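The numbers here are math on the coordinates, done by the rules we state, and not lab data. Treat the numbers as computed from the prediction; the structure is a model and nothing was measured. All Cβ positions, glycine included, derive from the backbone under ideal geometry; neighbour counts span all protein chains shown.
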Amino acid sequence: MRTPAEVLDQCHRAGAQRIAGFLLSGHAFDRMRDRRLKRQEVARALVEATVAVAQDDGTWRVDGGSDLDGEPVTLIVALDRGVLIVTIF
């Protein structure tokens, strides 16, 4: 099992790669539209993340990032062969 520090490191690296660094589930893409977030803002939230908490279903809640307006962005991510963003709130 990964540690929170390892999860944050993987998220930071994925966000730094921008478009190629992470995938979005259909649900996450819908939440992006709801919040009017651009992909670059999701990347920023990954790079800025400061807290990763393991969830019971094997995903991670990643907090501490923000959008371009400074509003907090919480991501739920799954890590397998990369970073898959499951949902955003």
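Zone of D80 (label point 7 Å along Cα→Cβ, backbone N under 14 Å): which residues in the stretch 14-55?
Correct set: 23-26.
So how strong a dipole does the stretch 4-88 carry about its Cα centre when Lys and Arg Cβ are +1 and Asp and Glu Cβ are -1, to the nearest 20 debye?
On the way: 11 positive and 13 negative charges, 79 e Å.
Magnitude of the dipole: close to 380 debye.
Under the √(5λ) rule applied to the eigenvalues of the Cα gyration tensor, what semi-axes describe the equivalent ellipsoid of the chain? Give them in Å, descending.
Working: eigenvalues 64, 36, 30 Å².
For the chain, the semi-axes come out at 18, 13, 12 Å.
Go through the stretch 77-89 residue by residue and turn each phi into a ³J(HN,Hα) via Karplus (6.51, -1.76, 1.60, θ = phi - 60°); whole Hz please, and just put x for glycine and proline.
Each residue's phi maps through the Karplus curve to give 10, 10, 10, 9, 9, x, 10, 10, 8, 7, 8, 9, 8 Hz.
Residues of the stretch 47-76 with backbone nitrogen within less than 15 Å of a virtual label 7 Å along the Cα-to-Cβ line of M1, please, listed as ranges.
52-61
What are the ³J(HN,Hα) values, in whole Hz, obtained from phi via the Karplus relation 6.51 cos²θ - 1.76 cosθ + 1.60 with θ = phi - 60°, for each residue of the stretch 64-75 in sequence order, with x given for Gly and Pro?
Result, rounded to whole Hz: x, x, 9, 7, 5, 8, x, 6, x, 10, 9, 10.
Counting Lys +1, Arg +1, Asp -1, Glu -1, what net charge surrounds A20 among other residues with beta carbon under 12 Å of its beta carbon? Walk me through the numbers before you get to the answer.
Numbers: positive: R13, R18, R39; negative: none.
That works out to +3.
List the trypsin sites (Lys or Arg not before Pro) within the chain that fall in a DSSP loop (any state other than H, G, I, E or B) and whose Cβ has at most 14 other Cβ atoms within 10 Å. Could the numbers behind the result be given before it?
Details: sites: R2, R13, R18, R31, R33, R35, R36, K38, R39, R44, R61, R81; in loops: R2, R36, K38, R81.
Filter output for the chain: R2, R36, K38, R81.
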